[in-house]
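Engineer: Attaching a single structure in structure tokens format; questions to follow.
The values are calculated or read from the model by the stated rules, or taken from the named source; none is laboratory data. It should be emphasised that the depicted structure is a prediction, and the values quoted were computed from it without experimental measurement. Here Cβ is always computed from backbone atoms with ideal geometry, including for glycine, and neighbour counts include all displayed protein chains.
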């Protein structure tokens, strides 16, 4: 039964990823369609390809979803299915009414609502929580605010002593841990190159408050202000240019900004689904549900498995993108080095990365014409220079927050960037009626998706279908 539920979680997560793809396609291509630089079909192909590439780059958001928002004790396959259904229902409703709401916040709301409902069911049955401690509040299921050590790992040139200690193991790609001159040293080798890992520990603010709520309000502000400022700068720089020349130049530049937007969208959005699937696999592995079954290959080890040769531990955890680069000749790798393997957090399995990336790309290719029309035409009339400014601003917001592990709304970023660009053009160019409807969709996303998930978990708990 538990194995069937794990498979059901994976299937439901992929359905959410597909819907997320066509629901959020507009985020990465609406402006390039609205400015008539590309046809809708051309824009969708560009978005699908760049989304696919972005999904393989950076898994910080996936790790936040899988281990940074809710307590593992409250996560079961049934809870995750209800969380995903809450997000799917809200995504479909907003898509039907052509409202560009946030799939990210729908997923976060669904996850929080589901685990809180599970906590309610546990309280009604036996009150036992993690470590058999009593559950005193449904809020205990959430990681609201944390301060934890964050290890910032930089790759530096290795010392001669390190190279001598590695010996032939320097040719084995992966992360190595060994003793050098009485101290433990970590090194990374890739395609014959070796770098030493310099580990700096800093305090990091984590939890829902700092990873979701604060960015939820700051990213739209940054998008709006950034779009306004960038557009104002472009107006000043281009004030003496002829309109025909501006449209010709920025028609080409918008191809770059649109690809940048698609890449950032894939980097941020596709990895959310990876986090949910990894969360399900971690929970199933910790409870022993995958041991001894034909699905044992899905289990996630607590730390990557190490190969010990001559006292040197080697972890062959090479990301998919790094493996692909490793196939290239050295002169085409441009000295690229992968980051060291994370030896404390469970890695996102490679098959999860590939499956989610392809599913997101397929959903993107399906398109989301209603939302594209709202964002590309109804909010403000755009020219190529406006599209370039909006996409560049939004993509930068997503790239920065994605690298910090913040599951920020792609919708919020691009929509507010378009608003900022429109206000720089002239305030009357912004259609406030459409903006008001969008803002209401934003405000309702987390509570509505969370509410649907909460009710679903509570009902199956009452029916006895939930493992407590």
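Engineer: Mind checking which pairs have a first residue in the stretch 427-453 that is under 16 Å from residue 224 (Cα atoms) and a second that is assigned to a helix (DSSP H, G or I) and modelled with pLDDT of 70 or more, Cβ under 7 Å, 6 or more apart or different chains?
Structural biologist: Correct list of pairs: 429/422; 430/419; 430/422; 430/423; 435/419; 438/415; 442/412.
Engineer: Name the residue, out of 201, 214, 221, that is outside the structural domain of residue 53 (by TED's automatic domain parsing) and either out of contact with any helix residue (DSSP H, G or I) (no Cβ under 7 Å at 6 or more places or on another chain) or not in a helix (DSSP H, G or I) (or both).
Structural biologist: 201
Engineer: Just one of 120, 49, 32, 75 is at pLDDT 80 or above, closer than 23 Å to residue 362 by Cα and out of contact with any strand residue (DSSP E or B) (no Cβ under 9 Å at 6 or more places or on another chain); which is it?
Structural biologist: That would be 49, the only listed residue that is at pLDDT 80 or above, closer than 23 Å to residue 362 by Cα and out of contact with any strand residue (DSSP E or B) (no Cβ under 9 Å at 6 or more places or on another chain).
Engineer: Inside the stretch 412-435, can you point out the residues that are over 18 Å from residue 236 (Cβ atoms) and modelled with pLDDT of 75 or more?
Structural biologist: 412, 413, 414, 415, 416, 417, 418, 419, listed by residue number.
Engineer: Go through (1) in a strand (DSSP E or B); (2) at pLDDT below 75 one by one and return the number of the condition residue 308 breaks.
Structural biologist: It is condition (2) that residue 308 fails.
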